[in-house]
2 protein chains.
Amino acid sequence: MENLPAHFDSVFTVDCIIFGFDEGELKILLIERNEEPFKGWFALPGYFVEHTEAIENAAKRILYESTGLKDIHMEQFYTFGALGRHPHGRVITVAYYALIRLTGQKEVKPITNFAKQAVWMNVKDIPQLAFDHSRIFRKGFEKIRNKISYQPIAFELLPEKFTLTQLQNLYEVILNKKLDKRNFRKKMLSYDILKELDEKQKGVSYRAAKLYKFDKRKYAKNFQKELSFGK
Amino acid sequence: MENLPAHFDSVFTVDCIIFGFDEGELKILLIERNEEPFKGWFALPGYFVEHTEAIENAAKRILYESTGLKDIHMEQFYTFGALGRHPHGRVITVAYYALIRLTGQKEVKPITNFAKQAVWMNVKDIPQLAFDHSRIFRKGFEKIRNKISYQPIAFELLPEKFTLTQLQNLYEVILNKKLDKRNFRKKMLSYDILKELDEKQKGVSYRAAKLYKFDKRKYAKNFQKELSFGK
DNA sequence: ACAAAAGTGTTTGCCGTACACCCATGA
DNA sequence: TCATGGGTGTACGGCAAACACTTTTGT
C-alpha cells in the first residue's frame, strides 16, 4: 500500500492477523505505519499480491517477512472489497489468519520497510486500526473463536509441551469466559488427543504440573468427530 | 471472462452458486458457455467486478442478471486465486452463494450474452464444470450444508408457506441423510420460530398438511442460540 | 507452616435418539 | 375402501453442568 502511483486501478493485497499466545495473553502482531496514509497508525501486516503469485503464497510470504516464520498454516477467512476502503483507490484485500507458537524468540523483526515497528498487542487492547483493519480483525477473531470450539487449533498457539492449565487458559482467553477446571480436563482427556509426558513443569514455586503434547496421530485416528466447548 | 485482451494483468470476478429448491430437489443455476475458453461447458454464473463497484454489489448484479431476482441475501464464502485457474491470465474470483425461492416463476432468463442457456441442475447431477468451478461448487455446498445446522437458512429456499414435511425434505437433501419425522418436528417446533397458519395444503390426493411460515420476529427474539440438526 | 496451583468424582437434568401406529383425505 | 402421506408420545442413555476439597511443592 506504499509507493502507489497517484492513480491506480484495482489492486490486490493480503492482510494477516497473526495470533500468538504469551504469558497468558492472546496477542496479535501489528505494524506501526511510517507512511501516509494512516502514518503513525497501527495496522495489520499486509502487502500486495504479485501478479505471478498465488494468494496463499502471498500470505505466507507476508507472514515470513513480518515474523521470520515459515511453514505455518494460514487460513483465509474473508475478502474485503468495499469501495473507499483505501483512500488512494480500489484495493481489494484477502484476509488470512495464522496461529503461531511464541516460544523463545518473541523478537519480531519486520523486513517491511514501511513500518516503524512491529509489536505484539493483547487482543483486549487493540486500538483503532488503519483502513478497515479494525473490522477485519473483529471478523477474524470471531472466526477463530468459533473454530476453536470444534477444531484443535489451540495447540498451534502453545509450546510443544504444555500443561492442562495453560491449555485451559488459552481456551478461556479466546472464548472470553471462565471454564470449569474439572469439566475441562475430563472432556479434553476424553477426546484422547493428548499424550501425557513423563515430565513436569519446571521453575514454578508451587506444585509442578504434568506436561502434555498434542498427539496428531491420535487426533487423525479418532476424529471425524468434532470437539466442543460450550461452557 | 469474455472479450479479454490477449494480455491482461490481475482481474477480479465474482462467481455465484445460486441454490433453489424445486420439486423436492436441491438445484443450482448453471450457465452453458457459448465462448472460448470452455465453450460448451457448464459454469457458475459469474462476471467481472467493475472498478467502481463494491464486490457485494457485483454479486447482487450478477444474481440479478442471471435470474431477474433482487434483494436476495448473498453470502461470500471464499476467494479463489490460484495461478492458472483461468487460461488467459490472472483472474481472482470471489465466490458467493445465494438461496432463492423458486415459487411460480421458475423461468430464468440470463441477460448475460455469453451464455447459450441457463439451467437449473440437481446438485446430485452436476457435471464437470469450466475453470475451477467444480471446486468452487463443492466448497460452497459444504458451507451451506454446515450452516443449515445452526442457522435458519432453509426458509430462504422454501415458499413462504410450507409444510413440515417439505421443510424436512429440504434438510434431508442438503444434509444428504434421512431424518426421523417425529424428532424433526419436535425439535423444529421447540425452537419456536415457526408460525402455524390456519391454512392447509391444497391439491394433494391425500390428507392435507398444515402450512407454516418462518417467523422472523420470533427468531430474532429467541435466538442468540443456535439450531442444531445431527440426526 | 504457608501460599499457590495441581489434581480429582459424583449427581442432576436435559437433549438427542430410537421406535410404530392411527388419522384424515381424495380418488 | 384403499392408498398415501399427516400427525403424534415415550423410554433410554449419554453428555454437559454444577460443585469443593485434598495433595504437592517451593519458599
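The values are calculated or read from the model by the stated rules, or taken from the named source; none is laboratory data. Since the structure is predicted, the reported quantities are computational estimates derived from the model, not experimental observations. Neighbour counts are summed over all protein chains in view; Cβ atoms, including those assigned to glycine, are modelled from backbone coordinates with ideal geometry. These area figures cover heavy atoms from the full protein model, side chains too; ligands, DNA and RNA do not enter into them. Shrake-Rupley method; radii C 1.70, N 1.55, O 1.52, S 1.80 Å.
Observations
- In the assembly of identical copies, A:P87 has its label point, taken 7 Å from Cα in the direction of the beta carbon, separated from the corresponding points by 4.6 nm (ascending, one decimal).
- Prolate/oblate/rounded label for region A:161-222 (Cα gyration tensor, a/c 1.5): oblate
- Relative contact order (%) - criterion: Cα under 8 Å, at least six apart; region: region A:124-222: 24 percent
- Interface between chains B and A: roughly 1800 Å² of accessible area buried, both sides summed (probe 1.4 Å, protein heavy atoms only).
- Violating pairs (Cα-Cα greater than 23 angstrom) within the set A:K187/A:K221; A:K139/A:K221; A:K124/A:K178; A:K60/A:K116; A:K178/A:K218; B:K116/B:K139: A:K139/A:K221; A:K178/A:K218; B:K116/B:K139
- Alpha carbon convex hull of region B:11-147, projected area averaged over orientations, nm²: 8.0 nm²
- Within the shell of other residues whose beta carbon sits under 11 angstrom from the beta carbon of A:G140, the net charge comes to +3, with Lys and Arg scored +1 and Asp and Glu -1.
- Hz values of 3J(HN,Hα) by residue in region A:16-23 - Karplus curve (6.51, -1.76, 1.60), Gly and Pro given as x: 10, 9, 10, 8, x, 10, 8, 6
- When chain A is treated as a GNM with alpha-carbon contacts under 10 Å, the residue of A:A118, A:A130, A:A82 showing the greatest mean-square fluctuation is A:A82.
- Estimated at 0.36 nm per residue, the fully extended path between B:S134 and B:E199 surpasses their Cα-Cα distance by 19.2 nm.
- Cross-link reach list, aspartates and glutamates versus B:K186, counting only Cα pairs under 15 Å and skipping chain neighbours closer than eight places: B:E196
- Annotation for region A:160-192: trypsin sites (Lys or Arg not before Pro) lying in DSSP loop with at most 12 further Cβ atoms inside 10 Å of their Cβ are A:K177, A:K178.
- The protein assembly as shown shape via C-alpha gyration tensor axes, a/c threshold 1.5: oblate
- Sparse-neighbour loop sites [chymotrypsin sites (Phe, Trp or Tyr not before Pro); region A:190-219; at most 16 other C-beta within 10 Å; DSSP]: A:Y191, A:Y206
- Around the amide H of A:Q117, modelled in the peptide plane, lie the amide H atoms of A:E32, all under 5 Å away and 5 or more residues distant in sequence or on another chain.
- Neighbouring partner chain Cβ atoms per residue of B:73-81, average, 10 Å criterion: 4
- For A:V123, inter-copy label distances in nm, listed shortest first [label point 7 Å out on the Cα-Cβ vector]: 3.0
- Longest exposed-site-free window of chain B, the sites being GluC sites (Glu not before Pro) in a DSSP loop that have at most 15 other C-beta atoms within 10 Å: B:161-225
- Of all DSSP beta bridges in chain B, antiparallel share, percent nearest 5: 70 percent
- Normalising the average separation of contacting C-alpha pairs (under 8 angstrom, six or more residues apart) by the number of residues puts the relative contact order of chain A at 21 percent.
- Cα gyration tensor category, rounded, prolate or oblate, for chain B with a/c compared to 1.5: prolate
- For region B:129-195, radius of gyration divided by Kirkwood radius, i.e. Rg to Rh on alpha-carbons: 1.05
- Teacher prompt: A:L189 distances to equivalent labels in other copies, 7 Å Cα→Cβ, nm: 4.4
- Take each residue in A:94-101, count the other chain C-beta atoms within 10 Å of its C-beta, and the mean is 1.
- Student exercise, the protein assembly as shown dipole from Lys, Arg, Asp, Glu Cβ charges, in Debye to nearest 20: 2800 debye
- Nearest chain A C-beta to the A/B rotation axis, reported as residue and distance in angstrom, is A:T79, 2.
- Between B:R61 and B:E36, the modelled label-to-label distance comes to 2.8 nm, taking each label 7 Å out from Cα in the direction of the beta carbon.
- Two-site FRET efficiency, B:D192 against A:K221, from Cβ-Cβ distance with R₀ of 51 Å, rounded to 0.05: 0.80
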